1. In terms of the ratio Rg/(2.2 N^0.38 Å) built on C-alpha atoms, what value belongs to the range 1-74?
2. Binning every alpha carbon pair distance of the range 87-219 at 5 Å from zero, what are the percents per bin?
3. Which chymotrypsin sites (Phe, Trp or Tyr not before Pro) in the range 60-135 pass both tests, a DSSP loop state and at most 13 other beta-carbon atoms within 10 Å?
4. Taking every DSSP beta bridge that has both residues in the chain, what percent is antiparallel when rounded to the nearest 5?
5. Applying the Karplus parametrisation 6.51 cos²θ - 1.76 cosθ + 1.60 with θ = phi - 60° to the phi angles of the range 25-39, what ³J(HN,Hα) value in whole Hz is obtained for each residue in order, glycine and proline being reported as x?
6. Taking amide H positions as placed in the peptide plane 1.01 Å from N, state which residues far from ILE57 in sequence (5 or more) or on other chains have amide H under 5 Å from it.
7. On a full-extension model of 0.36 nm per residue, what is the gain between LEU96 and GLU38, subtracting their alpha-carbon distance, rounded to one decimal in nm?
8. Multiply the residue separation of ALA154 and ILE190 by 0.36 nm, subtract the distance between their alpha-carbon atoms, and state the gained length in nm to one decimal.
Amino acid sequence: MSKTAIVTGASRGIGKACALRLAKAGMDVVVNYNSSEEEAMKVVDAIKEMGQEAVAIKANVSDRKEVGTLFREAFKQFGHIDVLVNNAGVVDDAYLLMLNMDSLDRSMDINVKGYFYCCQQAALKMFKQKSGKIVNVSSVSSKLALAGQSVYSATKGAVNSMTATLAKELAPYGIQVNAVAPGFIGTEMIEAIPEEKKAEYLKNIPMGRLGTVEEVAEVVNMLCSDASSYITGQVIVMDGGLSL
Ligand code: NAP
């Protein structure tokens, strides 16, 4: 029987690559999206072509009720939830004195509360199975001090702390919780950064290039596979050496 993975924010970027990689590993996948329905349906079609089951479910992860419905629908469809990749996230850089409070709330709601809502729903299902893997997508910004990124790095710092604590809480129930902390990965999120800033970041990456979404998905897949059988509570930094 195939395992079932829920990947949040799987219509684009890193989430899409994770959904495809987990399908390649033989999992059925719930492709969560918020607004990009067409893109999400394309991911579903690609997974079905690989011979796995997939369904696209719209849910805003910052809305607790919608997250409840997402997990209920996924469970109804597949009967079990074995993997959660908490990936949906936003970045909205601003210096402290320019900080917009709506943007602050939105970042906290999606990047922090959304991760909690999804972890809680996943754990409710995984408790009963006495097994499960949760991978939280953090960021190397949680480890660096990049001017203008205080909100984003605070949200990702929260992801790292919740990963460690939830790993300890859930280990007795056979549930592993880990995180990946990517550096600069070529996605729409990075496209939004001004060219001069991007060039400056590139100079600081010892490997001299951006990472790819496939490279992130490979590590996420490892953390969702038997290869991670004795790993929990860890944040795996993958940044081409940026944080060294
Ligand atoms: P992206 O290309 O901007 O894609 C974001 C995804 O999240 C989309 O699928 C979007 O869905 C979804 N999303 C946004 N808000 C949502 C919400 N409220 N509810 C449900 N889904 C929502 O981003 P990305 O670069 O792939 O980043 C994915 C994750 O990796 C984020 O957590 C980010 O912080 C982290 N990360 C990225 C980088 C990087 O260099 N790109 C580096 C480190 C960490 P819709 O389009 O349907 O709204």
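Here, each number is a calculation from the coordinates, and none is a lab measurement. Just so you know, these numbers come straight off a predicted model, no measurement behind them. Don't worry about glycine lacking a Cβ; one is built from the backbone with ideal geometry, like all the others, and counts go over all protein chains shown.
1. Working: Rg = 11.2 Å, N = 74, 2.2 N^0.38 = 11.3 Å.
Compared with the compact-globule rule of thumb, the range 1-74 sits at 0.99.
2. For the range 87-219, the pair-distance distribution reads 2, 10, 18, 20, 19, 14, 9, 5, 3, 1, 0.
3. Details: sites: PHE71, PHE75, PHE78, TYR95, TYR115, PHE116, TYR117, PHE127; in loops: TYR95.
Passing both the DSSP loop test and the Cβ count: TYR95.
4. Details: 0 of 27 bridges.
Expressed as a percentage, antiparallel bridges in the chain total about 0.
5. So the Karplus estimates, Gly and Pro as x, are 7, x, 9, 7, 10, 9, 8, 7, 8, 10, 10, 8, 5, 4, 5 Hz.
6. VAL31, ASN32, TYR33
7. 17.3 nm
8. Details: separation 36, 0.36 × 36 = 12.96 nm, distance 1.84 nm.
Separation in residues times 0.36 nm, less the Cα-Cα distance, equals 11.1 nm.
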